[in-house]
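Trainee: Got a structure for you, questions after.
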Amino acid sequence: MIDLYYWTTPNGHKITMFLEETGIAHRILPINIGKGEQFAPDFLRIAPNNRIPAIVDHAPKDGGAPISLFESGAILLYLADKIGRFIAPDLRGRTETLQWLFWQMGGLGPMAGQNHHFTQYAPEKIPYAIERYTRETARLYAVLDKRLADREFVAGEYSIADMAIYPWIVPHSKQGQNLDDFPHLKRWFETIRERPATQRAYAIVDKINPAPVITEAEKKILFGQDASTVRR
């Protein structure tokens, strides 16, 4: 049994996509980040960075005590290794998957996240910041589009790399991107969108957070953190 501490964000969707693809027994424990539930002591013992997603695996492969993990990329890799699916078993295939998983974690996610912040949430519209992150998001889309020109998925077979990337492409219009400008990416995106597991994963949103509107009070919680948030 996997306990998934989840909210309806791109990083949260990565893990529900994996769990729906594999059918691993799991329980979803919502963490409403707009209400500050990520600062609860019990959650911080699992996720000291006060971010979702996080998991607790109550039946790890070594047969020992439960294992907790935070960071979505680490969780995807752990789960793929646990069941031997969605990551290639050979050295070269595994390397292909890992480099694109980390491309998302270190590039697409942070840059698209800053794009969202300055275009959607920042109290002051700063033209330089908006242009900077919109252009960098476009560059990353072009990298992905070029990668997909001669293969169905980013690492050949469908993998945790695709699951990591896809949720960050879903809000493409909010990122100022037109998928028609990236035809290979668009084909890949539509293919994953039609997977039954993807549709089941995104249907969870309607049960947990059917009206995802961020209020001004929630913005203060989400965007007002500093070192004192950790120390309190």
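Trainee: Quick one: which residues, 5 or more positions from Asn32 or on another chain, have an amide H under 5 Å from its amide H? H modelled 1.01 Å from N in the peptide plane, none for Pro or chain starts.
Mentor: Glu37
Trainee: I would also like to ask the following. Taking N as the number of residues in the chain, what value does Rg over Cα atoms divided by 2.2 N^0.38 Å take?
Mentor: Details: Rg = 17.8 Å, N = 232, 2.2 N^0.38 = 17.4 Å.
With N residues counted in the chain, Rg over 2.2 N^0.38 Å equals 1.02.
Trainee: Can you pull out the chymotrypsin sites (Phe, Trp or Tyr not before Pro) in segment 145-184 that DSSP calls coil and that have at most 10 other Cβ atoms within 10 Å?
Mentor: none
Trainee: All other residues with a Cβ under 10 Å from the Cβ of Phe182 taken together, and with Lys, Arg as +1 and Asp, Glu as -1, what is their net charge?
Mentor: So the surrounding residues net to 0.
Trainee: What share of the DSSP beta bridges in the chain is antiparallel, in percent to the nearest 5?
Mentor: The antiparallel proportion sits near 65 percent.
Trainee: Right, another one. P(r) for segment 91-194, please, calculated from all Cα pair distances in 5 Å bins and given in %.
Mentor: Here the calculated profile for segment 91-194 is 2, 13, 24, 24, 17, 10, 6, 3, 1, 0.
Trainee: Run lengths n ≥ 4 of DSSP H only: what is the helix-derived mean residue ellipticity at 222 nm for the chain, with -39500 (n - 2.57) per run over all residues, to the nearest 500?
Mentor: -15500 deg cm²/dmol
Trainee: Please work out the C-alpha center-to-center distance from segment 151-203 to segment 23-96 and express it in whole Å.
Mentor: First find each Cα centre; the distance between them is then 22 Å.
Trainee: Got a sec to turn the phi values of segment 190-197 into Karplus ³J(HN,Hα) couplings, 6.51 cos²θ - 1.76 cosθ + 1.60 with θ = phi - 60°, whole Hz, x for Gly and Pro?
Mentor: Here the 3J(HN,Hα) series is 5, 5, 5, 4, 7, 5, x, 5 Hz.
Trainee: Place +1 on the Cβ of every Lys and Arg and -1 on the Cβ of every Asp and Glu in segment 36-134, take the dipole about the Cα centre, and give the residue among His58, His117, Phe86 whose Cα lies farthest towards its positive end.
Mentor: Phe86
Trainee: What does the charge dipole of the chain about its Cα centre add up to, to the nearest 20 debye, if the Cβ of each Lys and Arg holds +1 and the Cβ of each Asp and Glu holds -1?
Mentor: Details: 28 positive and 27 negative charges, 63 e Å.
So the dipole magnitude of the chain works out to roughly 300 debye.
Trainee: Quick one: putting +1 on the C-beta of Lys and Arg, -1 on the C-beta of Asp and Glu, what dipole do you get for segment 91-194 around its Cα centre, in Debye to the nearest 20?
Mentor: With only Lys, Arg, Asp and Glu charged at Cβ, the dipole is about 200 debye.
Trainee: Where in segment 96-203 are there GluC sites (Glu not before Pro) that are in a DSSP coil and have at most 10 other Cβ atoms within 10 angstrom of their Cβ?
Mentor: Details: sites: Glu96, Glu124, Glu131, Glu136, Glu152, Glu157, Glu190, Glu194; in loops: Glu124, Glu152, Glu157, Glu194.
Listed in order of number, the matching sites are Glu124, Glu194.
The numbers here are math on the coordinates, done by the rules we state, and not lab data. No experiment lies behind these values; they were computed from the predicted model shown. Ideal geometry is used to build each Cβ from the backbone, glycine not excepted, and the neighbour counts take in all protein chains shown.
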